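One structure is given below, encoded as structure tokens.
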Amino acid sequence: MLARRSGPAAQSARRPPPLLPLLLLCVLGAPRAGSGAHTAVISPQDPTLLIGSSLQATCSVHGDPPGPTAEGLYWTLNGRRLPPELSRVLNASTLALALANLNGSRQQSGDNLVCHARDGSILAGSCLYVGLPPEKPFNISCWSKNMKDLTCRWTPGAHGETFLHTNYSLKYKLRWYGQDNTCEEYHTVGPYSCHIPKDLALFTPYEIWVEATNRLGSARSDVLTLDILDVVTTDPPPDVHVSRVGGLEDQLSVRWVSPPALKDFLFQAKYQIRYRVEDSVDWKVVDDVSNQTSCRLAGLKPGTVYFVQVRCNPFGIYGSKKAGIWSEWSHPTAASTPRSERPGPGGGACEPRGGEPSSGPVRRELKQFLGWLKKHAYCSNLSFRLYDQWRAWMQKSHKTRNQDEGILPSGRRGAARGPAR
């Protein structure tokens, strides 16, 4: 109950009170009385309405005269004075208000509808809740990082925004027996998430669902059934290193360390790599990395900066044939390929124009192999020794040939090539 101002202080207070105190009215309780023997009441008190509804409210002053009269009263909503044409005097002590086609509340704790005396003092207040009932939560997903905990998140309905405070509760229980349990650690990985830290059973399915409630109703999601062993994940692989492969201008070597969780539990992991050039947002994914902790990316552009990321998926958990859940991607690691020393448009590779070595068929076969390799970042256990030797020989041959052509006079260049046939 807030006292109405009187005396000289009332004469000097000609403007409405500041907005900040008004925003606290619906939290601390709406004022409902004036000073002295005069009280005021807003009816209905703290109504809850659907968006688009209308409201008929009254502010009535009670007490012995002299006191405030209806002709001197006015309304504010969230600190803004409402137009006088929305109000009408019912009698000497009652002022009515008509609001139509209401929008959603500006604050989930309720909008502040306040009745003021002529001097701006507050006579009474009410919290106005305008919104929507909650929709059915959906898209529940859960994962475990140590087979002892479980983290879940969900989507709060098709539209999400209800304009009212909506409470979400994650419930879970063993599928065939046991009582309902409520998750207690919310907002762990976002606004619609919850973490169950312990006391979970293995080899037994759980039923998990989300309940949403607010002043206008409630909704319940579909039930998700899962086994903890089917939703195991890990942190991203740490210590990702990307480096050049000698002087090979179209390759990079990627190495990483297995997540620590893999060493603590009886399961292995498979990996994925993705990479992109510095000025692009398009990633290329390498799927065939298997359970290695290193990979060589081939067929890259010379003299180009690449960003590389790695992620992990555990499998073979206690002999299970189901794969787990992919981890998040590791932080991007950058490295550049060497610049090409061979001439050609844009610094790209350029095949020699001179005569082929005597091992022409072998070179053609290697070129077919390399053409395939450049289209696929290949990360199997295949040896790259022959490929590395061939590339090193090619680069050295081109470098020597380019230097000779740049040093010899034009006449001797023809002589060095031999007489024409």
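Yes or no, residue by residue, for (1) farther than 26 Å from G110 by Cβ; (2) buried (at least 17 other Cβ atoms within 10 Å of the Cβ); (3) of a type in the set (A, V, I, L, M, F, W, C):
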site	(1), (2), (3)
E184	yes, no, no
H187	no, no, no
A201	yes, no, yes
W209	yes, yes, yes
(request) Take segment 124-157 and flag every residue that is assigned to a loop (DSSP other than H, G, I, E, B) and within 17 Å of the chain's Cα centre (by Cα). (result) P156, G157
(message) Need pairs with beta-carbon distance below 7 Å; first residue open to solvent by 30 Å² or more (accessible area, probe 1.4 Å) and within segment 104-133, second in a strand (DSSP E or B) and among the small types (G, A, S); sequence gap 6+ or separate chains.
(response) P133/G217
(message) Suppose we filter D227, D199, D239, D180 for residues that are within 30 Å of P338 (Cβ to Cβ) and free of Cβ contacts under 8 Å to residues at least 60 places away in the same chain; which single one remains?
(response) D239
(request) From (1) modelled with pLDDT of 90 or more; (2) within 25 Å of T234 (Cα to Cα), pick out the condition that doesn't hold for D199. (result) (1)
(message) Is it the case, given these coordinates, that K173 is among the basic types (K, R) and surrounded by 15 or more Cβ atoms within 10 Å (Cβ to Cβ)?
(response) yes
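For every residue, the table says whether it meets (1) touching a residue at least 24 places away in the same chain (Cβ under 8 Å); (2) open to solvent by 50 Å² or more (accessible area, probe 1.4 Å); (3) within 30 Å of E135 (Cα to Cα); (4) not basic (K, R).
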{"position": "T213", "(1), (2), (3), (4)": "yes, yes, yes, yes"}
{"position": "E249", "(1), (2), (3), (4)": "yes, no, no, yes"}
{"position": "K284", "(1), (2), (3), (4)": "yes, yes, no, no"}
{"position": "T293", "(1), (2), (3), (4)": "yes, yes, no, yes"}
(request) Would you check if there is a residue in segment 289-310 being closer than 30 Å to D227 by Cβ, modelled with pLDDT under 85 and not hydroxyl-bearing (S, T, Y)? (result) yes
(request) Restricting attention to segment 45-90, report how many residues are open to solvent by less than 70 Å² (accessible area, probe 1.4 Å), part of a strand (DSSP E or B) and more than 27 Å from N103 (Cβ to Cβ). (result) 1
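The values are calculated or read from the model by the stated rules, or taken from the named source; none is laboratory data. Computed from a predicted model, the values in this text were never measured in an experiment. Note that we place each Cβ from the backbone using ideal geometry, even for glycine, and neighbour counts take in every protein chain shown. Remember, those area values only see protein heavy atoms, side chains included, never the ligands or the DNA or RNA. Shrake-Rupley method; radii C 1.70, N 1.55, O 1.52, S 1.80 Å.
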